[in-house]
Amino acid sequence: MNHFELFGLSFQFDIDGSLLATQFRELQRRFHPDNFATASERDRLLSVQKAAQINDAFQTLKNPVSRAEYMLAERDEDIRGEQKTLQDMDFLMQQMELREALEAISECVDPESALADFEQQATKMYQQQLHKLAQLLNQENWFEAADAVRKLKFIVKLRDEVERLEESLFD
């Protein structure tokens, strides 16, 4: 049973987050190890394993990047292979330039405004790439979707760096 089946969801990228959360709570309630405290050792062990599976599946499906990676892995398109690296040199150059621009923000006259503008740009890039990824997955274009996930992971790291800079500048 894959993660989508576990939660009674269709195997598709766009999922109903509230339905996922509701199903998660229901499955947690049903399979919580405390419910099996007086059961046989085998049943207690199975409930612990099932609870762990439920938690892992929920964490995977609620995050768009991990959900996409999971979908690709289910279709035998593993993006983590050493030979499968991002080949889009224009995108990689753009990422390098963005990181350089991010590093320069702390020395700006108005770093708060510069960081807000940069964060807005990174968020827009994230949303655009996420939309492209959703389209590719919905079209079952697994190969191009894998490339889109690789790009999305770069953008997620960039957004994480924005958060770290924001914390260091304003805390």
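Numbers at a glance
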read-out	value
Span-rule helices in the chain, defined as complete DSSP H runs reaching 18 Å or more along the axis (Cα) with Kyte mean at least -1.0	17-31, 41-62, 89-104, 111-138, 142-170
Three-way shape call for the range 31-115 based on the alpha-carbon gyration tensor, with the a/c threshold at 1.5	oblate
Semi-axis lengths (Å, descending) of the ellipsoid that matches the C-alpha gyration tensor of the chain	37, 22, 14
Theoretical gain in end-to-end length, ARG29 to GLN127 [0.36 nm per residue, Cα-Cα removed]	31.9 nm
Given charges at Cβ of Lys, Arg, Asp, Glu: the range 15-171 dipole, positive-most of PHE36, VAL109, ALA57	PHE36
Normalised per residue, the volume of the convex hull around the Cα set of the range 8-56 (Å³)	71
Area accessible to solvent at LYS157, 1.4 Å probe radius, in Å²	120
Accessible area (Å², 1.4 Å probe, nearest 10) - MET89	120
Among GLU144, GLU100, GLU119, residue whose mean-square fluctuation peaks in a GNM of the chain (springs only between Cα atoms under 10 Å)	GLU100
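The values are calculated or read from the model by the stated rules, or taken from the named source; none is laboratory data. This is a predicted model, so every value here is computed, not measured. Using ideal geometry, Cβ is built from the backbone for each residue, glycine included, and neighbour counts are taken over all protein chains shown. Only protein heavy atoms, including side chains, enter the accessible area calculation; ligands, DNA and RNA are left aside. Shrake-Rupley method; radii C 1.70, N 1.55, O 1.52, S 1.80 Å.
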